[in-house]
Amino acid sequence: MWIDTHCHPFSKAFAQDQEEVIRRAREAGVEKMIVVGFDRETNRAALALAERYDFMWATLGVHPCECDQLTDEEEEWIRETARHPRVVAIGEMGLDYHHMSFPKEIQKDCFRRQVRLAKEFDLPCIVHSRDAAEDTLALLMEEEAKKVIFHCFTYDYAFAKKVWACGYYTSFSGVVTYPQAKAVQEAAAKGPLELFLVETDCPYLPPQSIRGRRNEMAYVKEVGEKLAELRKENSDSLARQIQKNTENLFGL
């Protein structure tokens, strides 16, 4: 059994065939899915899907490229809705110094507010971090965040060791299947499996077999099988460990 810990099936990319995409995922052995919001509209879309399907759960947050959407009203809505039984994390949140849609200090404030929300409800933080490794980890440590997922981990083994030393999780996406992603593959091959998750981030970041096409939740299996290959481990036993990690962390 595979669990996609980060997907966006509410995306406009699935507007014409959302139900078929979900069905294909289930047929491929993806038995549970974490649907991740990242702004006002998608937070509500994620929750609607989690209420509709008993194998989906929602997360609520504001992406660093959408910082202006973390208004006082939206923060209060997230606080109230975090008590919903289908909500299992806060995020995605974090820092993005690649796109720099907002200045660093604004991003950090938006990030910090959401970390504190997650701590308030003892929920995991789903963290987006791009070209901002050290600042991301420093803020999480300053805030004494306990439950953290570095979603779509794309940093190297040296930084990964710092993440694992904090007890934080690294979640691997289709990027780990790319031939040129040697640094990510080294981290995936050497890290502690008990701190690993898998995801698609669909419709983005398709695995190597479908590069250039739309990604779907069904392809999380390919990510998991690549991890097994890199680690020279049995795919089924690796899937069981990652399933255990995911269910324990999110309380599924």
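The values are calculated or read from the model by the stated rules, or taken from the named source; none is laboratory data. Values in this document were obtained by computation on a predicted structure and should not be read as measured data. Note: ideal-geometry Cβ built from the backbone for every residue, glycine included; neighbour counts use all protein chains shown.
Among the residues making up the range 47-78, a single one is more than 30 Å from GLY224 (Cβ to Cβ), β-branched (Val, Ile, Thr) and not in a loop (DSSP other than H, G, I, E, B): ILE78.
For the criterion of being farther than 20 Å from VAL88 by Cβ, of a type in the set (A, V, I, L, M), crowded, with 24+ Cβ neighbours inside 10 Å and modelled with pLDDT of 95 or more, VAL163 passes.
Every residue, every condition in (1) under 21 Å from VAL21 (Cβ atoms); (2) out of contact with any Lys or Arg (no Cβ under 7 Å at 6 or more places or on another chain); (3) assigned to a strand (DSSP E or B); (4) of a type in the set (S, T, N, Q), yes or no:
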{"residue": "LEU139", "(1), (2), (3), (4)": "no, no, no, no"}
{"residue": "CYS152", "(1), (2), (3), (4)": "yes, yes, no, no"}
{"residue": "GLN185", "(1), (2), (3), (4)": "no, yes, no, yes"}
{"residue": "TYR204", "(1), (2), (3), (4)": "yes, yes, no, no"}
{"residue": "ASN215", "(1), (2), (3), (4)": "yes, yes, no, yes"}
{"residue": "GLU247", "(1), (2), (3), (4)": "no, yes, no, no"}
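Within the range 27-36, being touching a residue at least 40 places away in the same chain (Cβ under 8 Å) and under 18 Å from the mean Cα position of the chain (by Cα) holds for VAL30, LYS32, MET33, ILE34, VAL36. Selection of the range 1-15 for residues being in contact with a helix residue (DSSP H, G or I) (Cβ under 6 Å, 6 or more places away or on another chain) and in a strand (DSSP E or B) yields TRP2, ILE3, ASP4, THR5, CYS7. Every condition in (1) surrounded by 18 or more Cβ atoms within 10 Å (Cβ to Cβ); (2) among the basic types (Lys, Arg); (3) within 30 Å of GLN107 (Cβ to Cβ) holds for LYS12 except the one numbered (1). The condition (being surrounded by fewer than 22 Cβ atoms within 10 Å (Cβ to Cβ) and either in a loop (DSSP other than H, G, I, E, B) or touching a residue at least 60 places away in the same chain (Cβ under 8 Å) (or both)) is satisfied by just one residue among ARG24, ARG44: ARG24. Checked against the criterion of being over 21 Å from LEU205 (Cβ atoms) and surrounded by fewer than 23 Cβ atoms within 10 Å (Cβ to Cβ), the range 92-101 contains not a single residue that satisfies it.
Scanning the range 92-106 turns up at least one residue that is under 30 Å from ILE22 (Cβ atoms) and either out of contact with any strand residue (DSSP E or B) (no Cβ under 7 Å at 6 or more places or on another chain) or free of Cβ contacts under 8 Å to residues at least 24 places away in the same chain (or both). Selection over the range 27-41 of residues that are within 16 Å of GLY91 (Cα to Cα), assigned to a loop (DSSP other than H, G, I, E, B) and not hydrophobic (A, V, I, L, M, F, W, C) gives a count of 2.
Listed here are the residues, each with its yes/no results for (1) of a type in the set (Phe, Trp, Tyr); (2) surrounded by fewer than 21 Cβ atoms within 10 Å (Cβ to Cβ); (3) farther than 21 Å from TYR168 by Cβ; (4) within 19 Å of the chain's Cα centre (by Cα).
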{"residue": "LEU195", "(1), (2), (3), (4)": "no, yes, no, yes"}
{"residue": "VAL198", "(1), (2), (3), (4)": "no, no, no, yes"}
{"residue": "CYS202", "(1), (2), (3), (4)": "no, no, yes, yes"}
{"residue": "ARG231", "(1), (2), (3), (4)": "no, yes, no, no"}
{"residue": "ASN234", "(1), (2), (3), (4)": "no, yes, yes, no"}
{"residue": "ASN248", "(1), (2), (3), (4)": "no, yes, no, yes"}
{"residue": "GLY251", "(1), (2), (3), (4)": "no, yes, no, yes"}
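Being farther than 17 Å from TYR204 by Cα, of a type in the set (Phe, Trp, Tyr) and surrounded by fewer than 15 Cβ atoms within 10 Å (Cβ to Cβ) is a property that holds for PHE55. The test for being at pLDDT 95 or above and more than 30 Å from LYS108 (Cα to Cα) does not hold for ARG79. Here ALA160 fulfils each of the conditions (1) more than 27 Å from ASP122 (Cα to Cα); (2) under 19 Å from the mean Cα position of the chain (by Cα) apart from (1).
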